[in-house]
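All remarks here apply to the structure that follows.
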Amino acid sequence: MDTLAALFRAVGAPLSIETITLDAPKPTELLVRIAAVGLCRTDLHVMRGERRVAMSPMTLGHEAAGVVEAIGADVTGVAVGDHVVLTFIPGCGRCRWCSKGLHHLCAEGPRITQGGQLDGTYCRHDRLGRDVGAFCMIGGFAERTVVDQASAIVIDKDIPLDLAALVACGVPAGVGAARVRAKVKPGDSVLVVGCGGDGMNVVQGARLCGAATIIAADINPTKTELARTFGATHGVTEHGEALTRAVLALTGGIGVDHAFVCIDPPATLLPAFRATAKAGNVVVTAITPDTVKQIDVPPLELFATQKAIMGAVYGFTSPRLQIPELLRLYRSGDLKLRELITQTYSLEDINRGYDDLEAGKNLRGVVVF
Ligand SMILES: [Zn+2]
Ligand SMILES: [Zn+2]
């Protein structure tokens, strides 16, 4: 069938809105009508060439939710008409990591930039008949997509699908980083550097954990103010060494128990590390461009202060566990989702949405169909 899609064709170029053809789902695949897809910064890194993908053209978009329209013969646990959230790392169910319940570490994860389906084939084709890839095995910037069942999680139908899309990436990444990776405890102090899609959800994750001090740091004062509505107790707009000094001043010279690096790790990791208390945690949730090969942290400082520097992808927990749990927290009023959406766009307007993200206007832009 034909479907409208936003394609990455070349580094530095805007996404190309084109009609592509989509093959019917294979035995373990689903045809999904996308209802909403978030404009995450990771796709922008691909457009800028900072996160390299293996092919073009490729349909970007990985923060998506929709409705199942057809299923392959071997699909189990998903039916036509089900509402699904798509996961940007598939859970193959068989590898070492999936066997331990750690789907965010699935052995298939490193292939999400390759463009192929989970089985390595291509099911999208452009007008010239060339294969079109799907970023994260999802390709959510399209009216319809075909994904393996390993990339879909069935959700309750009463959850609005524009909000469901948010729990596909930014919300679990941020909330899970605080709750699961850092294990923030009641009374702890937290620093969040970069209050965008991930960082704002670290703020609300830290609030859910009962953190007593939540310092939101962003060079954009609008975002630090907004962070207060998600639970931040302080806002700072400094960066670099001045950021470290500001955080130390707010914590009696001790530093925070947990610092989260949610934007530009090459510039923010060391200031965040130095704003962290001895034996504290520094959690990196943001992507660094492929071209940056190292970030310097003085080794003696690392040794002597006994801090831990750790990464967190997908909130360091299985999306199959976390996504339904986050939706329960939304339903009970403990998790803000609607408040994360700054603006909605049509697919044809997606490049304007990314311009707004780059201009710092959006916490989350969402394409709704
Ligand atoms: Zn994302
Ligand atoms: Zn796996």
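Observations
- Principal-axis tilt of helix 319-331 within the chain, Cα atoms, nearest 10 degrees: 70 degrees
- Based on Cα contacts under 8 Å between residues 6+ apart, the range 7-125 shows a relative contact order of 26 percent.
- The chain: relative contact order as a whole-number percent, Cα under 8 Å and 6+ apart: 17 percent
- 0 to 90° range, to nearest 10: angle between helix 241-250 axis and the chain longest Cα axis: 70 degrees
- Isotropically averaged projected area of the range 285-349, using the convex hull of Cα atoms (one quarter of hull area), nm²: 8.6 nm²
- Highest-MSF residue in the chain out of Asp257, Asp296, Asp148 [GNM, Cα springs under 10 Å]: Asp296
- Hull volume in cubic angstrom per residue (convex hull over the Cα atoms of the range 1-150): 101 Å³
- Cα gyration tensor, the range 171-313 - rounded (a/c under 1.5), prolate or oblate: rounded
- Dividing the Cα radius of gyration of the chain by 2.2 N^0.38 Å, with N the residue count, gives 0.96.
- Number of Lys pairs (Cα under 19 Å; 8 or more positions apart or on different chains) in the range 171-313: 5
- Residue ranges 101-109, 48-56 sort as 101-109, 48-56 when ordered by packing (mean number of other C-beta atoms within 10 Å per residue, highest first).
- Computed lengthening from Ala249 to Tyr122, 0.36 nm per intervening residue step minus Cα-Cα distance: 40.3 nm
- Over the range 171-313, relative contact order from alpha-carbon pairs under 8 Å, at least 6 apart, %: 22 percent
- Helix axis angle, 197-208 relative to the chain longest principal axis, alpha carbon, degrees: 60 degrees
- FRET efficiency, Thr21 to Thr344 (Cβ-Cβ, R0 25 Å, nearest 0.05): 0.40
- Based on Cα atoms of the range 12-89, Rg over Rh with Rh as the Kirkwood radius reads 1.01.
- Most tightly packed first, judged by the mean number of other beta-carbon atoms within 10 Å of their residues, the peptides 202-212, 269-279 read 202-212, 269-279.
Quick note: the coordinates plus some simple rules give every number you see, no bench work behind them. Predicted model, so just to flag it, every value in this text is computed and none were measured. All Cβ positions, glycine included, derive from the backbone under ideal geometry; neighbour counts span all protein chains shown.
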